[in-house]
Structures are given as C-alpha cells and as structure tokens.
1. Is it the case, given these coordinates, that I218 is farther than 25 Å from A150 by Cα, within 22 Å of the chain's Cα centre (by Cα) and assigned by TED's automatic domain parsing to the domain that holds L122?
2. Check off (1) more than 30 Å from D152 (Cβ to Cβ); (2) modelled with pLDDT under 95; (3) of a type outside the set (G, A, S) for D262 and give me the number that stays unchecked.
3. Any idea how many residues of the range 179-195 are of a type in the set (G, A, S) and more than 9 Å from G35 (Cα to Cα)?
4. Go through the range 140-163 residue by residue and tally those that are crowded, with 22+ Cβ neighbours inside 10 Å and not hydrophobic (A, V, I, L, M, F, W, C).
5. Which ones in the range 23-52 are closer than 14 Å to V186 by Cα and part of a strand (DSSP E or B)?
6. Among the residues that make up the range 173-193, is at least one of them within 18 Å of R139 (Cα to Cα) and either assigned by TED's automatic domain parsing to the domain that holds W136 or not hydrophobic (A, V, I, L, M, F, W, C) (or both)?
7. Just the residues that are surrounded by 17 or more Cβ atoms within 10 Å (Cβ to Cβ), charged (D, E, K, R) and outside any helix (DSSP H, G or I), please, taken from the range 205-234.
8. Only strands (runs of 3 or more DSSP E) wholly contained in the range 53-164 count here; list those with 2 or more residues that are within 13 Å of the chain's Cα centre (by Cα).
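The values are calculated or read from the model by the stated rules, or taken from the named source; none is laboratory data. Every value quoted in this text rests on a predicted model; they were computed, and no experiment measured them. Because the Cβ atoms are built from the backbone with ideal geometry, glycine has one as well, and the counts that use them run over all protein chains shown.
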Amino acid sequence: MPRFKALDHSNLWIRVCQSVLYPLTRVVGKRDYRGMERFNRPGGMLVVGNHISHLDPMYDVVMIHKAGRVPHVLAKASLWKIPVVGRALRGTGQIPVERAAGAGQSAVETARQTLDDGGLVLIYPEGTVTKEPDFWPMRPRPGVAVLAMASDAAVVPIVHWGTQDVYNSYAEGSKLKLVPRQRVIVAVGPDIDVSAYRGRQSDPRAIMEVSMLIMNTIADLLAEIRGEQRPAQLFDPKKAERQARKGPTSGDSPGTSAGPEDGGR
C-alpha cells in the first residue's frame with residue numbers, strides 16, 4: 001500500500017499559507033466541516049468536488065490540512081503567473097493545468113504520479129465554477145475519470161454549500177458578501193467504487209461512465225446536504241447556450257441532458 005504522505009512541517013510555503021488561510025476561512029464564513037476523518041488514512045486519495053465559488057479551494061485545503069494531509073490541487077496555470085501567489089502554489093506542490101487543447105496531459109501525469117506516491121490530489125471535475133442557476137453540478141470533463149481509472153487511489157467525494165453566498169462568482173456588481181457571516185459547509189462522503197473500471201483509462205465508454213458516476217455521486221451528496229431534490233440530469237452549459245440562442249423549447253428544461261450518459265437518470 002502506498003505510504004501516507006503526511007504534512008511536511010519544514011515547508012516554509014505551507015506554513016505561510018496556513019498562517020493566512022486558517023484565520024481567513026474563519027473570518028469569511030462559519031466553517032462547518034463534516035466527515036473530515038475520512039481523509040485521515042494511508043494511501044493515495046483522489047478528492048473530487050462540486051464547484052460553486054472561487055472560495056471552494058480555500059476551504060478545501062484548510063480542511064484537508066487540518067486532517068493531517070498535504071493537498072495537491074489541479075488549478076489553471078495562469079495563477080502561477082501572479083506574483084507571490086505563483087510562488088506559493090509552486091512551493092506547496094500544486095498542479096498547474098494548461099487550458100490549450102492537449103496541453104492538460106502533463107497535469108494528468110503529474111497528478112497520477114502524486115497519487116501513486118501516496119499523495120492526495122484535489123480536482124473539480126466540472127473544470128470551472130458551475131453555471132447552473134441554482135448551483136447544482138454541471139457535466140464533468142473527462143480528466144477526472146482518467147485519473148480515477150489509472151490509479152489505485154481511493155476516490156473521495158466532497159461537496160460545498162455556502163461559499164456561493166459569500167462570493168458569487170457570476171453575480172453582477174458586488175460579488176463578495178461578508179455580512180451577515182454565512183455558514184460554509186464542506187462535507188466528505190463515502191468512497192466512490194470505480195474498481196470495475198481500473199486500467200480502462202483508454203476506453204472512451206469507460207471514461208464517460210466513470211465521469212458520470214463520479215459527478216452524479218457528488219450531485220446526490222449535495223442534494224442530501226441541501227435537503228433538496230436534485231435535477232434529474234447534470235447541467236450542460238453548452239446545451240443551455242444553444243437553447244438561449246434558439247429560444248425555449250416545449251418540454252425541454254434549459255441545460256439538461258437526458259440519456260444513458262447520465263447514468264440512466
């Protein structure tokens with residue numbers, strides 16, 4: 001079994017980020033971490049989550065760090081060009097993802113090696129903050145399935161609720177709302193079983209099925225946390241854009257995508 005890749009207390013950048021992010025996450029919102037003990041175990045771990053605000057990674061890395069592990073987050077490469085932020089990302093071992101076609105393979109390989117070495121990799125399968133009007137998950141990108149199938153790492157779902165009330169990434173005007181202070185929930189669910197698909201990362205159908213399995217599991221967990229019924233299908237922003245240009249069609253909900261690719265939902 002891969003070793004438990006624990007915290008490196010000698011890493012200056014990790015200590016700097018801890019001194020900044022721990023108090024910041026308490027000030028910005030009321031932290032409500034649930035199931036954090038699921039991180040405290042040996043072996044590689046692929047953590048997969050919904051994305052409702054640009055604040056999500058901040059709360060996630062604090063939670064994972066508090067559980068005694070080092071988070072390695074896949075994030076857009078442009079962040080590495082920001083002074084200080086780029087040095088912090090590099091110093092803490094985060095993983096840059098290039099947006100150009102085909103350029104993301106390097107990030108996938110780095111993440112896979114991290115998992116094989118017993119590390120914890122955090123990825124948001126949607127690739128960006130959700131554009132679903134009520135903050136439900138969108139259809140995932142395929143990279144998460146490739147990682148899940150190419151490694152023996154545990155696949156662990158997390159969901160966020162409340163960060164969108166603090167920072168609404170798509171709001172017009174002021175996006176940040178600090179008063180009144182909002183509760184921010186980050187909940188960790190049971191592992192997602194992808195054992196039947198291990199080693200099939202070159203199979204397009206397997207990639208589709210695992211991607212949808214992961215994202216639907218996240219959507220179900222989010223519905224449980226929110227205490228609401230989730231949409232029957234994952235939101236498809238491209239379909240929503242096409243419908244917006246053509247106008248609404250009778251019997252067709254904007255952005256939904258029915259069919260077997262949604263896991264039979």
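1. Details: farther than 25 Å from A150 by Cα: no; within 22 Å of the chain's Cα centre (by Cα): yes; assigned by TED's automatic domain parsing to the domain that holds L122: yes.
Taking the combined requirement at face value, the residue does not satisfy it.
2. (1)
3. First pass over the range 179-195, keeping only residues of a type in the set (G, A, S): 187, 189, 195.
From what is left, the residues that are more than 9 Å from G35 (Cα to Cα) are 195.
Matching residues across the range 179-195 total 1.
4. Here the count works out to 5.
5. Selection gives G29, K30, R31, D32, Y33, R34, V47, V48, G49.
6. Yes.
7. Across the range 205-234, the qualifying residue is only R230.
8. On the way: elements: 71-76, 95-97, 120-123, 154-161.
Answer list for the range 53-164: 71-76, 120-123, 154-161.
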